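The values are calculated or read from the model by the stated rules, or taken from the named source; none is laboratory data. All values reported here derive from a predicted model rather than from experimental measurement. Cβ: placed from backbone, ideal geometry, glycine included. Neighbour counts: every protein chain shown. Only protein heavy atoms, including side chains, enter the accessible area calculation; ligands, DNA and RNA are left aside. Shrake-Rupley method; radii C 1.70, N 1.55, O 1.52, S 1.80 Å.
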Amino acid sequence: MFKDYLRKSALIIILGFLLHLIFITYFHTTILWFFDRSIGANDSVNTVLLHTETANSDTRALKRPSPDLMYSLCPYDVKYKPLVITSAIPDSYWSISFYADNTDNYVTLNDHDIAENNIKIYLVGVNSEPKKVESGIVVVSPSNSGYVLIRLFVGNGENLQALKDVQNSLGCIEYNES
Amino acid sequence: MILIRKYIIYILIIIAIAAIFTYVSIPIYKNITFTKNDIWTVSASPGDPKRSIYTRAYVSVNGLLALSKPESAYFSADRDIEDITLNGSTCYLMSGHDIQSASVSPRWWSITVYGKDGYLIESTEKQYSYNSENIIYDPSGKFEIYLNNMPSSKVANWLKTPIEEVFSVVLRVYQPGEEFFSNLKRVDLPIIEKVEC
């Protein structure tokens, strides 16, 4: 009787642990669901959804936002068509980071990596590689959907208008091969 | 009917155990695996695709869409040098050298205070952080930041903390170089100590 009780208890704990591993593995999907809802990404992708000036105490889109950065976010879906991302590059710190649908940061480029004043990036999915690309950088996404996050360092805040212009130059549109 | 009820109870117990394991394991995992440098805790590459499922879960909760090495390092502190939890009812002094003039030279760095919910603390002054370009240094290249709900006339830099609540401080270091990442345990970082208000 006691042995049977122990066996059942052990089995329940093992099953609980295995279920916990599933919870942990897919934990980010719950967080992303709330995140997508807060920024409206459930209804709209392949467009710039979030342009922030510097974060303040009302900022709720992301936990622990940096008040020293201006963020722009483009949630993407490249299952059928690649995405073309264009932006001006400032003289100060600028970076573009690509995140898979499980939030893995698979590529980051910053202003030091780019020689020109403008950048053009083709973001392609596993099955959406275009037949030809004009000049630009090709980034391959490991998943069909994800996020592109652009960070601009505001420093002492003297160049805020110039940084806003850079932010407004951001394009995030589907690539239509003609 | 009794058998079905019994199995439903078993399933509910399994779900409860899984939820408890999940709730408890994320902070435990952080304490065991993240690198410690005095008061600071850092994950070497929190956004890395090769990170563990626990790191991914921790980052999802505490700082979604984190960068990976070598772009940035995020150090966080929720305790002072006496290992006591940071609390807004106490006055603290954070002091350190300009991180850019240390043996490594990051592109830029910043120090930010967050409330226990992980968001910025309401402040009429809108000064939520200091970075390497807007912080005021003393003539020897050191800096001090007073951490309290009210400013101090003795310290040039002040970050507001919540009243009577715990808080945390995050130090971001951007593009610090490979040497910095291989030396995370020993790099010279600011300290936070309790002071008289």
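Among B:V61, B:V170, B:V24, determine the one that fluctuates most according to a GNM of chain B built with springs between C-alpha atoms less than 10 Å apart.
B:V24
With a ≥ b ≥ c taken as the square roots of the eigenvalues of the C-alpha gyration tensor of the protein assembly as shown, please select rounded if a/c is under 1.5 and otherwise prolate if a/b is larger than b/c or oblate if it is not? Write out the running numbers ahead of the final one.
On the way: a/c = 2.00, a/b = 1.10, b/c = 1.81.
Cα axes put the protein assembly as shown in the oblate bin.
Rounded, prolate or oblate: pick one for segment B:141-197, where a ≥ b ≥ c are the square roots of the eigenvalues of its C-alpha gyration tensor, a/c under 1.5 means rounded, and failing that, prolate if a/b is larger than b/c, else oblate. Numbers along the way, then the final one.
Values: a/c = 2.67, a/b = 2.01, b/c = 1.33.
It comes out prolate by the Cα gyration axes.
Please give the calculated 222 nm ellipticity per residue for chain B, where each DSSP H segment of at least 4 residues contributes -39500 (n - 2.57) and the sum is spread over every residue; nearest 500 deg cm²/dmol?
Taken over chain B, the calculation gives -7500 deg cm²/dmol.
At what distance in nm do the modelled label points of B:D138 and A:R37 sit from each other, each positioned 7 Å from its Cα along Cα→Cβ?
Once both label points are built, they end up 5.0 nm from each other.
If you count, for every residue in A:100-113, the Cβ atoms of partner chains within 10 Å of its Cβ, what is the mean?
4
Running a GNM on chain A with Cα contacts under 10 Å, which residue among A:F27, A:F98, A:F153 ends up with the highest mean-square fluctuation?
A:F27
Considering the dipole of the protein assembly as shown built from charges on the beta carbon (Lys and Arg +1, Asp and Glu -1) around the Cα centre, which of A:T54, A:G171, A:Y106 is farthest to its positive end?
Highest projection toward the positive end goes to A:Y106.
Quick check: pseudo-label points 7 Å beyond the Cα along Cα→Cβ at A:L6 and B:R186, how many nm apart are they?
5.0
Could the peptides A:29-36, A:107-114 be put in order, highest first, of the mean number of other beta-carbon atoms found within 10 Å of their residues?
Top to bottom by mean Cβ count within 10 Å: A:107-114, A:29-36.
Please state, rounded to one decimal and in Å, the Kirkwood hydrodynamic radius that segment B:56-105 gives when every pair of distinct Cα atoms enters the mean of 1/r. Intermediate results must be reported in sequence, preceding the final value.
On the way: mean 1/r = 0.0713 Å⁻¹.
Evaluated on segment B:56-105, it is 14.0 Å.
Sequence neighbours fewer than 8 away in the same chain don't count; with that in mind, list the lysines whose C-alpha is under 24 Å from A:K164.
The qualifying lysines are A:K63, A:K120, B:K126.
Pick from A:K132, A:K120, A:K79: which is most flexible by mean-square fluctuation in a GNM of chain A where alpha carbon atoms under 10 Å apart are linked?
Comparing A:K132, A:K120, A:K79 in the GNM, the peak value goes to A:K132.
Residue by residue, what Karplus-based ³J(HN,Hα) values in Hz, rounded to whole numbers, does segment A:111-117 have, using 6.51, -1.76 and 1.60 with θ = phi - 60° and x for Gly and Pro?
4, 6, 7, 10, 7, 8, 8
Inverting the mean 1/r over all pairs of different Cα atoms, compute the Kirkwood radius of segment B:70-195 and quote it in Å.
Evaluated over segment B:70-195, this radius sits at 14.9 Å.
Antiparallel versus total DSSP beta bridges in the protein assembly as shown: what percent is that, nearest 5?
Taking every DSSP beta bridge within the protein assembly as shown, about 90 percent pair in antiparallel fashion.
For every helix of n ≥ 4 consecutive DSSP H residues, a contribution of -39,500 (n - 2.57) applies; sum these over chain A, divide by its total residues, and give [θ] at 222 nm rounded to the nearest 500 deg cm²/dmol.
Taking each H run of at least 4 residues, the total per residue is -8500 deg cm²/dmol.
Suppose R0 equals 51 Å. What FRET efficiency, 1/(1 + (r/R0)^6) with r the Cβ-Cβ distance, do B:Q100 and A:I13 give to the nearest 0.05?
Efficiency at R0 = 51 Å is approximately 0.50.
Roughly what would the spin-label model give for B:A19 and B:T90, points 7 Å off Cα along C-beta, in nm?
Result: 3.4 nm between the two label points.
Is the shape of segment A:127-178 best called rounded, prolate or oblate, per the rule: a/c under 1.5 gives rounded, else a/b larger than b/c gives prolate, else oblate, with a ≥ b ≥ c the square roots of the Cα gyration tensor eigenvalues?
Note, shape of segment A:127-178 comes out prolate.
What helices in chain A pass both tests, a Cα length along the helix axis of 27 Å or more and a mean Kyte hydropathy of 1.0 or higher, using whole DSSP H runs?
For chain A, where a helix must reach 27 Å along its axis and average at least 1.0, the hits are A:2-25.
Which of the residue pairs B:K50/B:K116; B:K50/B:K160; A:K81/B:K50; B:K30/B:K185; A:K79/B:K69 have a Cα-Cα distance greater than 25 Å in the structure shown? If you can, show how the numbers build up before the last one.
Numbers: B:K50/B:K116 29 Å; B:K50/B:K160 37 Å; A:K81/B:K50 27 Å; B:K30/B:K185 15 Å; A:K79/B:K69 28 Å.
Pairs exceeding the cut-off: B:K50/B:K116; B:K50/B:K160; A:K81/B:K50; A:K79/B:K69.
Any chance you could give the angle, 0 to 90 degrees and rounded to 10, that helix B:53-62 forms with the longest Cα principal axis of chain B?
60
What accessible area per residue comes out for the protein assembly as shown, rounded to a whole number of Å², with a 1.4 Å probe?
Roughly 51 Å² per residue, with all protein chains present.
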